[in-house]
Amino acid sequence: MIVQRLAGRLGLSELAFVAIVAGLAVLVPLANLTMPEGSLLHVSNASVVLFGKWMCYALLALSLDLVWGYCGILSLGHGAFFALGGYAMGMYLMRTIGTRGVYGNALLPDFMVFLNWKELPFTWYFFDWFGYAALMVMLVPGILAFVLGWFAFRSRVTGVYLSIITQAVTYALQLAFFRNDMGFGGNNGLTDFKDILGFQVQAQSTRAALFALSALALLGGFAAAKAIVSSKLGLVLVAIRDAETRTRFIGYRVEHYKLFVFVVSAVMAGIAGALYVPQVGIINPSEFSPANSIEAVIWVAVGGRGTLVGAALGAVLVNAAKTWLTAALPTLWLFVLGALFILVTLFLPRGIVGTFGAKFLGRRGTK
Amino acid sequence: MPSPSGGIRPMPELKRLLPRFIAPLLVLAALVLGPAPGALAQSVGDTLAKFATDRFPDTARGVEEIARSGHPTALEIVEALGENRLAYSQADRSVYVIGKDDQVRSAETGAPVADIAPNQLRRVRINNPVRSAIAAALGALRLNSADPVQRRAAAEAIMQAHDADQAPALEAALGREKDARVATAISQALAALRIVDTKQPESVRLAAIDTLAERGDREALVMLRNVPAEAPAAIRQRAERAAAAVERRLSILGGVQNVFFGLSLGSVLLLAAIGLAITFGVMGIINMAHGEMVMLGAYTTFAVQEFLRTSAPGLFDWSLLFALPLAFLVAGGVGIGIERTIIRFLYGRPLETLLATWGVSLALQQAVRTIFGSSNREVGNPAFMTGSFDLFGISLTWSRMWIVVFTIAVFAFLLFVIRYTDYGLRMRAVVQNRAMAGSVGIRTNWIDALTFGLGSGIAGIAGVALSQIDNVSPNLGQGYIIDSFMVVVFGGVGSLWGTLVAALTLGIANKLLEPLAGAVLGKILILVFIILFIQKRPRGLFAQKGRTAES
């Protein structure tokens, strides 16, 4: 039922997006695992990890687009939700290492033994249980977003003020996670993972599966976001984006709508981070850096905000360019990224999909 | 040899027999009476012979004796021994001082000896007992130095070493001392010795406690705490009271010092934020490249110094003076360029401005990295910025002090420009009512460009100041951007005075929190506080009122 109703509302580019991502989720692992090396159809192991990362970034971009493109909340701290989700997953992965760590301590992760800690901090309790970790992946970013949004939206902190606050939050978290006393590995973060749910993290089949999961998560995130924005609630969100005061005067509790969509978006970002960590094999405080969050914003801007598909597309395009340029012309990359920020805001304010895909889309969401 | 005409002739054989506590009295007498050099020549010869045996106990004794002798070259000899420059000839056992320039001089007269090369002599060896004898002797000898700075340092050294044997020397020196500051140092050193000296009468020890209490620093506190438990009750009580008083004084001083450090940090924040207060506060432009303007100013300073170093080294101390206008022009020019090419198309779209200027900041960072390299660049401090000075027991560095002064000057300059110049009047008109300002003939877009240039230029001169206390690297600006925004938002957008109050408040709060919570946690607490504060008062401390406030 729901699938049918959703599918009925999808535009051409959205259908194409769903088809491509679903296709990738099946084909990439197949091409990686079954095709012999050297074959034209073979996808290298490194590429699987790379594509997996892009899927996670795409999900992060999607979550950002949900709040920025549809509700006008420009969060410069979405990297914090991403990183928190990543840390929750990282903690599970650390706990499962068990006695295989360098110090062979069954209970304490290596860095705690190194710091001469005797007991597991309470923040690490239950993280050896995957279900609990998975819950935390969603709960921690969700609660942070709820608390932040509760105060911010009620006090009607809007526009750039909110952006600056979210940036300060992720900056403060970065400083906090750098501290060894916090008990999250300090500067080095969490790494040296062994296995996830009993499968070896390094194994090729696990990586292929993680890629497929990331692609599915992207699809799931897209479905959820699409469901939200094409509902009546989504219309109110757009109304808030375009004329917040007027919407309030009509009688909508603006802060409730904003809070809802902000929390949903944070949870999505957290899931993206949780899928990202086992694939790259490390999570450290630099993930909280304000520059990361603002880079995610440019993915959305390039692809086209308020289009969902565009956000995911932008994430993949910008990161593909980054991967290629940082290898080929490393000094040029920041110039290109800087120019991208400037040119897109000046000449392509609606992004690629917003500008070129408008006629195929069901106009909703583009300003 | 002329016969002695006065003073004490230190007979070595006799002195070895003297009980240890009398020996210092002899030193004292020797120092007080200031014997004529000629009178001692003979005995000095005996003393010097001890060095020539090159046996450690003899050497140590020689050091003690020469120190007591008051011989004119005594200080030189003991110093030379400590630095392994005292030597003797194996042939005739005469002792020489080898100068740092390898010039051989007679130890006895200090006259240069031309026909002996250093490699013909054997150096007098020293071991740890000799070293301590040297240290003690130097203390006493330097107390007699002609240089008051040396005398004071010697008194301090004796106080730190807690060398009870030096008490008579100190007493003698105190009697002779004319310089009030040196006299204070000597009496304090003496007090530190007397306070634990059980042979002193109680009144003297109590007076010593008072002297130390007057000194009132951490060392005095240690000395006061050192009073042994078996001392008479009166002394212990007075010492405890004095220690408590010193402690109170120290904690107050510590607080004052923290406040000053906070003021210094606050003025750094203010310098970094004040340009932003104009571009963001007055014009409503989110300029994420603001930190890079600061960085450009710092690199301008670096370039000016490099230029001066190669072409006019004599002007190096003036480098900051040259750098200030240049940094203002460079950063201001770049700012106007950004405004004309990018920002003016984005007025009224603050979020887009934010993204575009972030792009500018990335490009600027990379440009600087390409030109100057990504490593830190060395920016020198001119003479007037180096070192520190002492203010009522608080040690302050000149660079921090000057930055506070400089910040005040910049702030006053900015207030003056906005309030009293023609340009300032036009700027305020445009901010209040753009359409009306335009219709009375003000070129609003020029004012926009100039105002953005002013804000950027101020950031540039902030960079000149920050280059003195921070690492000059392409990332310099990033460290300040979030703090600067916090300051402006906390103070209230559009209010220069609010920015001032906010910067100083945050600076002081940060420094007061630091001892309690640590530097990083303190900063986090401040950030959390501001975040909560903005939720409560979204328009900041000094919110603009009236119609213009609603944007």
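The values are calculated or read from the model by the stated rules, or taken from the named source; none is laboratory data. In this text, all values refer to a predicted model and were calculated from it rather than measured experimentally. All Cβ positions, glycine included, derive from the backbone under ideal geometry; neighbour counts span all protein chains shown. Surface accessibility is based on the protein's heavy atoms, side chains included, excluding ligands, DNA and RNA. Shrake-Rupley method; radii C 1.70, N 1.55, O 1.52, S 1.80 Å.
Things worth noting here:
- The Rg/Rh ratio of the protein assembly as shown, with both radii computed over alpha carbons and Rh defined as the Kirkwood radius, is 1.12.
- On the principal axes of its alpha-carbon atoms, the range A:175-228 has extents of 41, 33, 14 Å, going from largest to smallest.
- Projected area averaged over orientations for the range A:2-360, convex hull of C-alpha atoms, nm²: 19.5 nm²
- When Rg and Dmax are taken over the Cα atoms of the range B:393-551, they come to 18.1, 60 Å.
- Calculated FRET efficiency for the pair B:ASP217/A:LEU346, C-beta based, R₀ 51 Å, to 0.05: 0.25
- Carbon and sulfur %, accessible surface of the range A:2-360 computed with the full protein complex present, 1.4 Å: 68 percent
- Portion, in percent, of the accessible area of the range B:57-136 that falls on carbon or sulfur, probe 1.4 Å: 47 percent
- Value of relative contact order over chain B, rounded to a whole percent, pairs C-alpha under 8 Å and six or more apart: 14 percent
- For the range B:221-313, the set of GluC sites (Glu not before Pro) satisfying both a DSSP loop assignment and a count of at most 10 other C-beta atoms within 10 Å is given as B:GLU230.
- Here the range B:441-471 is scanned for amide nitrogen atoms under 18 Å from the site 7 Å beyond the Cα of B:ASP422 along Cα-to-Cβ, giving B:441-451.
- Counting only heavy atoms of the protein chains and using a 1.4 Å probe, B:TRP318 has close to 140 Å² of accessible surface.
- Heavy-atom accessible surface of chain B, averaged per residue, reaches 46 Å², computed with a 1.4 Å probe.
- Working note: 222 nm ellipticity from helices only, DSSP H runs with n ≥ 4, each -39,500 (n - 2.57), summed and divided by the residues of the protein assembly as shown, gives -22500 deg cm²/dmol to the nearest 500.
- B:SER439 accessible area, 1.4 Å probe, all protein chains in place, Å² to nearest 10: 90 Å²
- Among A:LEU30, A:LEU84, A:LEU139, the residue with the largest mean-square fluctuation in a Gaussian network model of chain A, with springs joining Cα atoms closer than 10 Å, is A:LEU30.
- Among B:ILE195, B:ILE371, the sequence by solvent-accessible area, most first, with a 1.4 Å probe is B:ILE371, B:ILE195.
- Between 0 and 90°, nearest 10: helix B:290-311 axis offset from chain B longest Cα axis: 50 degrees
- Helix axis angle, B:319-341 relative to chain B longest principal axis, alpha carbon, degrees: 20 degrees
- Using a probe of 1.4 Å on the protein chains alone, the accessible area found for B:ILE461 is around 20 Å².
- Semi-axes of the equivalent ellipsoid for the range B:128-202, computed as √(5λ) from the eigenvalues of its C-alpha gyration tensor and ordered from largest down, come to 18, 17, 9 Å.
- The C-alpha radius of gyration of the range A:242-341, expressed as a fraction of 2.2 N^0.38 Å, stands at 1.35.
- Relative contact order (%) - the range B:164-314, alpha-carbon pairs under 8 angstrom, separation at least six: 13 percent
- The alpha-carbon positions of the range A:1-150 define a convex hull whose volume is 200 Å³ per residue.
- Ranking A:TYR171, A:TYR70 from most to least accessible surface, computed with a 1.4 Å probe over the protein chains only, gives A:TYR171, A:TYR70.
- Seen from a random direction on average, the alpha-carbon convex hull of the range B:352-452 projects onto 11.2 square nanometres.
- When only alpha carbons are used to place a centre, the range B:334-353 and the range B:101-178 end up 70 Å from one another.
- In this structure, the residue pairs whose Cα-Cα separation is over 20 Å, taken from A:LYS226/A:LYS258; A:LYS258/B:LYS536; B:LYS511/B:LYS536; B:LYS178/B:LYS199, are B:LYS511/B:LYS536; B:LYS178/B:LYS199.
- Efficiency of FRET between B:ARG344 and A:ALA106 - r from beta-carbon atoms, R0 51 angstrom, step 0.05: 0.20
- Debye log10 I(q)/I(0) at q = 0.09, 0.13 Å⁻¹ for chain B, Cα point scatterers: -0.83, -1.15
- Ranking A:ILE283, A:TRP299, A:VAL236 by Cα position along the charge dipole of the range A:2-360, where only Lys, Arg, Asp and Glu carry charges on their C-beta atoms, puts A:VAL236 farthest toward the positive end.
- For the range B:280-320 versus the range B:490-516, the inter-centroid distance based on Cα atoms is 25 Å.
- Using a 1.4 angstrom probe on protein heavy atoms only, the contact between A and B buries about 3500 square angstrom of accessible area, both sides summed.
- Taking all Cα pairs closer than 8 Å and separated by 6 or more residues, the relative contact order of the range A:2-360 comes to 32 percent.
- Protein-only accessible surface at a 1.4 angstrom probe places the residues A:THR247, B:THR310, A:THR123 in the order B:THR310, A:THR123, A:THR247, largest first.
- Extension gain (nm, one decimal) between A:VAL26 and A:TYR125, 0.36 nm per residue minus Cα-Cα: 32.0 nm
- Look at the dipole of the protein assembly as shown built from charges on Cβ: of B:ALA289, B:LEU75, A:LEU139, the Cα furthest out on the positive end belongs to A:LEU139.
- Diagonalising the gyration tensor over the Cα atoms of the range A:91-177 and scaling each eigenvalue by 5 before taking the square root yields semi-axes of 35, 15, 9 Å, largest first.
- Between helix A:232-242 and chain A: long-axis angle, C-alpha atoms, 0 to 90°, nearest 10: 80 degrees
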